[in-house]
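Participant: Mind having a look at this structure? Questions to follow.
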Amino acid sequence: MLRLDRVLANARVGSRSEVKKLVKEKRVKVNGILAKSSDMRVDENNDKILVDDILIKYEKYVYFMLNKPQGYISATEGKNCPTVLDLIHEDYRGMFPCGRLDKDTEGLLLITNDGPLAHELLSPKKHVEKEYYVEHTLPLADQDVQRIQTGIVYNGVTYKPAVYKKISDTSCHLVIQEGKYHEIKFIMNAVGDKVVYLKRIRMKNLVLDESLKPGEYRPLTADELEDLKLIAR
Ligand code: URA
């Protein structure tokens, strides 16, 4: 049994306060009877919940695309530091970031409560591509690019080949399939360069929606989700 407002929020009907308003306006019915309050308990799988006479299907899992801003850590709890979950409305408790971006990295981060899907996407066996927009301090020589593209050992850690797409002398896209700690920064350090700005723009088929300002998020579309699930299997 779950709270009615939780079920409606998961089904993207509205936030907790919006759902409260709907109930007050007598627009929500549970098993044919007008809902009395938004915190009433409902059987999410069996009760017939209607909003404006439209049947609501319970969604166990929620998926958001977040444009992570700098200054937030990719964790569910932070001691003295805001976490990416602080950016998500409190109605969506129990969610977590799928993977990690450094505190000073921006861009695409999937926020979900779907543990099995996150596990698949993060599994090294799945080789899920991650594409980054990188700004760096020095132009790269041809042999540096070659090293990046054939794989690099740095501080005893092996980084698999990355795909390099030049944008300018000091900016590029890099595509990696692993998710090692500081991977892009360390790859650039390995060739004597330094990352000054980093933004993830893609995870497999999921491309950052550039209309999202840093700190904003939106639910994945049905197509985005379907593709992501196909790929993860
Ligand atoms: N590589 C990094 O160095 N940092 C990130 O946040 C992601 C990839």
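Participant: Is it true that some residue in the stretch 66-74 is surrounded by fewer than 17 Cβ atoms within 10 Å (Cβ to Cβ) and part of a strand (DSSP E or B)?
Facilitator: So far as the stretch 66-74 goes, no, none of its residues is surrounded by fewer than 17 Cβ atoms within 10 Å (Cβ to Cβ) and part of a strand (DSSP E or B).
Participant: Regarding Leu101, is this residue crowded, with 19+ Cβ neighbours inside 10 Å and assigned to a loop (DSSP other than H, G, I, E, B)?
Facilitator: yes
Participant: Sort through Glu120, Glu135 and tell me the only one that's under 30 Å from Val7 (Cβ atoms), open to solvent by 20 Å² or more (accessible area, probe 1.4 Å) and in contact (Cβ under 8 Å) with a residue 40 or more places away in the chain.
Facilitator: Glu120
Participant: If you take the residues in the stretch 181-224 that are in contact with a helix residue (DSSP H, G or I) (Cβ under 9 Å, 6 or more places away or on another chain) and part of a helix (DSSP H, G or I), which one is farthest from the ligand (Cβ to nearest atom)?
Facilitator: Here the answer is Ala190.
Participant: Just wondering, is there one or more residues in the stretch 140-152 that are within 12 Å of the ligand (Cβ to nearest atom), within 27 Å of the chain's Cα centre (by Cα) and either open to solvent by less than 50 Å² (accessible area, probe 1.4 Å) or of a type in the set (S, T, N, Q) (or both)?
Facilitator: No, every residue in the stretch 140-152 fails to be within 12 Å of the ligand (Cβ to nearest atom), within 27 Å of the chain's Cα centre (by Cα) and either open to solvent by less than 50 Å² (accessible area, probe 1.4 Å) or of a type in the set (S, T, N, Q) (or both).
Participant: Could you check the stretch 54-65 and list, in sequence order, the residues that are in contact (Cβ under 8 Å) with a residue 60 or more places away in the chain and either not aliphatic (A, V, I, L, M) or not in a loop (DSSP other than H, G, I, E, B) (or both)?
Facilitator: Tyr63, Phe64, Met65
The values are calculated or read from the model by the stated rules, or taken from the named source; none is laboratory data. This is a predicted model, so every value here is computed, not measured. Because the Cβ atoms are built from the backbone with ideal geometry, glycine has one as well, and the counts that use them run over all protein chains shown. The accessibility values were calculated without ligands, DNA or RNA, using every heavy atom of the protein model including side chains. Shrake-Rupley method; radii C 1.70, N 1.55, O 1.52, S 1.80 Å.
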